[in-house]
Amino acid sequence: MNTKRYFIIVLLAACNTVFAQEDTVVSSLLRDVPVWMARHHVPCTSIGLIEGGHIKWLKIFGVLQQGRPAPTNTLFNIASQTKPVTAMLTMKLVQAGLWNLDEPLSHYWVDPDIAGNPWLNELTTRIVLSHQTGFPNWRTDNGGSALRFNFEPGTKFGYSGEGFEYLRRALENKFHQPLNTLMETWLFKPLHMNDTRYWTADLDTNRFAMWHDGKGNRYNISIQTPVSAADDLITTVEDYCRLGIYSMYGLGLSDSLFADMTRPQVKVKKNYYRCLGWGLVEGLPDKEYALEHGGSDIGVRTMAVFLPRSKRAVVVMTNADNGIFVTDQVITRALPEGAQILKTMNAGSAPHNRITISDDLIKGYTGLYAQSNGKLMKVEREGNAIKVSGDGLPTAVLYPESANRFFLEGYDVQIGFADKDSLIVYENGKRIMKLLRQSK
């Protein structure tokens, strides 16, 4: 692959933005997105559509602080959508011969918490980028402050921000540069991603989409966040489209390295895998496949889906806990394959059948619950179901499938009550967190 040629193609595609005349999809989004936002209390939504490797349409809906209309270059904290950016940086370093996907990261960094562990040298960049480190998402998820393995690296999938932070420390130690400098040098400047950065004192806060809860109320959260390989990058939809276009054209990698990046590394469920840095959806029409990643944090819900064979994509960013109910509808509307992609990603590991249970049982589960990090979840009765809301959580109704277990329709998410004093949240058939009751 001619790196220079692909680089020029991508820059031309990304910089010469084409705003298409209103077609059916665009017209329907202009009509329906404000309705979805109002229904789910989402103050601001930004959308980018890509066709034929070009940005076809950019649109920002809603308002920012003090009711000001949001500009097209509105800045969003994209939470875990940071991870593919870290992965693309790493792949560029591999292509340049400066980094090795399969070299033990212990050559450059060893976390003191796992020093001496027999699995230490099994941690590689490939293992990190495909979420097979064996680490929890965050070390506090294990109920303490120490990092430890939940399973042997490379044996199965386990989503982990800690893994990406481990990689960051290794990169910074080898190159003697902070991660943000490496990203600026290898990605942001070459791709003219001028609005992409981590927090700095000169950030234009007047165009920053502040975070909101499930009722549309603004969170009181500081914009000042540290540099992380897993979280908290700040960007615009247009800049993220630039990165996606570059990725769909091969990222300037050799054919063999790009094929390695986009092949399944570990299976999550049927037709859904992790490749290097992205979620990978297969089984689409015409042998198409999708690279996807979302961002989810307090007041943040973002999503991007890229189709490399046909060079089509959609990028959606919102600044509210309920944003997922907007992003999913946009993806379904924008891409003919959108509904299939989401169905594949959200498919349950087992069927869920709605039943009726006693009102007394449901009342017994209501109350306020806390995570180990202090974030709160409120459980209320909603007919013969429960409604959950809280810090960083979409406001959603879950239906009973047994006397003590409830499911969210359309998503592989369940809540189980082991007793009257705690609840457990499951995603993709795996336990992801336990919360303890604070009050009724």
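Please enumerate the residues belonging to segment 140-184 that are hydroxyl-bearing (Ser, Thr, Tyr) and closer than 21 Å to Asp231 by Cβ.
To start, the set of residues in segment 140-184 that are hydroxyl-bearing (Ser, Thr, Tyr) comprises 140, 145, 155, 159-160, 166, 181.
Residues satisfying the conditions are Thr140, Ser145, Tyr159, Ser160, Tyr166, Thr181.
What pairs come out if I take residues in segment 134-148 that are within 17 Å of Leu167 (Cα to Cα) and not assigned by TED's automatic domain parsing to the domain that holds Ser80 and pair them with residues that are assigned to a loop (DSSP other than H, G, I, E, B) and charged (D, E, K, R) whose C-beta lies under 7 Å away, six or more apart or interchain?
The qualifying pairs are Gly134/Glu152; Leu147/Asp111.
Suppose we filter Leu129, Leu98 for residues that are crowded, with 17+ Cβ neighbours inside 10 Å and either touching a Leu at 6+ places or on another chain (Cβ under 9 Å) or not charged (D, E, K, R) (or both); which single one remains?
Details: Leu98 fails: crowded, with 17+ Cβ neighbours inside 10 Å.
So the residue among Leu129, Leu98 that is crowded, with 17+ Cβ neighbours inside 10 Å and either touching a Leu at 6+ places or on another chain (Cβ under 9 Å) or not charged (D, E, K, R) (or both) is Leu129.
Check off (1) at negative phi; (2) modelled with pLDDT of 95 or more; (3) in contact with a strand residue (DSSP E or B) (Cβ under 7 Å, 6 or more places away or on another chain) for Arg148 and give me the number that stays unchecked.
Of everything listed in (1) at negative phi; (2) modelled with pLDDT of 95 or more; (3) in contact with a strand residue (DSSP E or B) (Cβ under 7 Å, 6 or more places away or on another chain), Arg148 misses just condition (3).
Sort out which residues of segment 158-194 are in a loop (DSSP other than H, G, I, E, B) and surrounded by fewer than 19 Cβ atoms within 10 Å (Cβ to Cβ), and write them in order of number. Steps first, answer last, please.
Just the residues of segment 158-194 that are in a loop (DSSP other than H, G, I, E, B), to begin with: 158-160, 176-178, 189-194.
His176, Gln177, Pro178, Lys189, Pro190, His192, Asn194, listed by residue number.
Answer yes or no as to whether Gly416 is in contact with an Asp or Glu (Cβ under 7 Å, 6 or more places away or on another chain) and either within 18 Å of Gly214 (Cα to Cα) or not basic (Lys, Arg) (or both).
Working: in contact with an Asp or Glu (Cβ under 7 Å, 6 or more places away or on another chain): no; either within 18 Å of Gly214 (Cα to Cα) or not basic (Lys, Arg) (or both): yes.
For Gly416, the condition - in contact with an Asp or Glu (Cβ under 7 Å, 6 or more places away or on another chain) and either within 18 Å of Gly214 (Cα to Cα) or not basic (Lys, Arg) (or both) - is not met.
Check whether at least one residue in segment 367-384 is among the aliphatic types (A, V, I, L, M), within 30 Å of Trp57 (Cβ to Cβ) and out of contact with any Ser or Thr (no Cβ under 6 Å at 6 or more places or on another chain), and report yes or no.
no
When you go through Ala96, Ala79 one by one, which is the residue that is among the small types (Gly, Ala, Ser) and either within 20 Å of the chain's Cα centre (by Cα) or closer than 20 Å to Asn322 by Cα (or both)?
Numbers: Ala96 fails: either within 20 Å of the chain's Cα centre (by Cα) or closer than 20 Å to Asn322 by Cα (or both).
Sole residue among the options that is among the small types (Gly, Ala, Ser) and either within 20 Å of the chain's Cα centre (by Cα) or closer than 20 Å to Asn322 by Cα (or both): Ala79.
Confirm whether Ala20 is in a loop (DSSP other than H, G, I, E, B), over 26 Å from Tyr198 (Cα atoms) and either at pLDDT 95 or above or among the small types (Gly, Ala, Ser) (or both).
In short, yes.
Name every residue in segment 353-406 that is closer than 15 Å to Lys420 by Cβ, among the hydroxyl-bearing types (Ser, Thr, Tyr) and buried (at least 19 other Cβ atoms within 10 Å of the Cβ), in order of residue number.
Tyr365, Tyr369, listed by residue number.
What number of residues in segment 106-145 are modelled with pLDDT under 95 and acidic (Asp, Glu)?
Filtering segment 106-145 for residues modelled with pLDDT under 95 gives 116, 136-145.
Next, only the ones that are acidic (Asp, Glu) stay: 141.
Within segment 106-145, residues that are modelled with pLDDT under 95 and acidic (Asp, Glu) number 1.
Enumerate the strands (runs of 3 or more DSSP E) found wholly within segment 207-302, keeping only those where 1 or more residues are without any contact (Cβ under 8 Å) to a residue 40 or more places away in the chain and among the aliphatic types (A, V, I, L, M).
Values: elements: 266-269, 272-274, 279-281, 290-297.
Fully inside segment 207-302 and qualifying: 279-281.
Return the pairs, sorted by first residue and then second, in which the second residue is surrounded by fewer than 19 Cβ atoms within 10 Å (Cβ to Cβ) and acidic (Asp, Glu), the first residue lies in segment 324-347 and is part of a helix (DSSP H, G or I), the beta carbons are less than 8 Å apart, and the residues are 6+ apart or on different chains.
Within 8 Å, the pairs are Gln329/Asp32; Arg333/Asp32.
Against the conditions (1) within 14 Å of Tyr166 (Cβ to Cβ); (2) at pLDDT 95 or above, where does Met91 fall short? Just the number, please.
Result: Met91 fails condition (1) only.
Give Asn384, Asn428 a once-over and let me know the one that is in contact with an Asp or Glu (Cβ under 6 Å, 6 or more places away or on another chain) and in contact (Cβ under 8 Å) with a residue 24 or more places away in the chain.
Details: Asn384 fails: in contact with an Asp or Glu (Cβ under 6 Å, 6 or more places away or on another chain).
Exactly one residue qualifies, and that residue is Asn428.
Being free of Cβ contacts under 8 Å to residues at least 60 places away in the same chain and assigned to a loop (DSSP other than H, G, I, E, B) is the filter here, so list the residues in segment 197-206 that pass it.
Tyr198, Trp199, Thr200, Ala201, Asp202
For segment 381-429, which positions are farther than 19 Å from His352 by Cα, in a strand (DSSP E or B) and of a type in the set (Gly, Ala, Ser)?
The first filter runs over segment 381-429 and keeps only residues farther than 19 Å from His352 by Cα, leaving 381, 389-395, 419-422.
Of the ones still in play, those that are also in a strand (DSSP E or B) are 381, 389-390, 393-395, 419, 422.
Once the filter is applied, which keeps residues that are farther than 19 Å from His352 by Cα, in a strand (DSSP E or B) and of a type in the set (Gly, Ala, Ser), segment 381-429 yields Ser389, Gly390, Ser422.
Within segment 211-230, is even one residue touching a helix residue (DSSP H, G or I) at 6+ places or on another chain (Cβ under 6 Å), exposed (fewer than 15 other Cβ atoms within 10 Å of the Cβ) and not basic (Lys, Arg)? Steps first, please.
So the first thing to find is which residues in segment 211-230 are touching a helix residue (DSSP H, G or I) at 6+ places or on another chain (Cβ under 6 Å), and the list is 213-214, 227, 229-230.
Imposing the further condition that a residue be exposed (fewer than 15 other Cβ atoms within 10 Å of the Cβ) reduces the set to none.
For segment 211-230, residues touching a helix residue (DSSP H, G or I) at 6+ places or on another chain (Cβ under 6 Å), exposed (fewer than 15 other Cβ atoms within 10 Å of the Cβ) and not basic (Lys, Arg): absent.
Here is a list of conditions, (1) without any contact (Cβ under 8 Å) to a residue 24 or more places away in the chain; (2) part of a loop (DSSP other than H, G, I, E, B); (3) farther than 19 Å from His352 by Cα; (4) not aromatic (Phe, Trp, Tyr), and Asn373 meets all of them except one; can you say which number that is?
Just one mismatch for Asn373, condition (1).
Which residues, counting only those in segment 279-326, are crowded, with 24+ Cβ neighbours inside 10 Å, closer than 29 Å to Leu257 by Cβ and touching a His at 6+ places or on another chain (Cβ under 7 Å)?
If the condition is that a residue be crowded, with 24+ Cβ neighbours inside 10 Å, closer than 29 Å to Leu257 by Cβ and touching a His at 6+ places or on another chain (Cβ under 7 Å), then Ala304 is the only one that fits.
The values are calculated or read from the model by the stated rules, or taken from the named source; none is laboratory data. Just so it is clear, the structure is predicted and the values come from calculations on it, not from any experiment. Because the Cβ atoms are built from the backbone with ideal geometry, glycine has one as well, and the counts that use them run over all protein chains shown.
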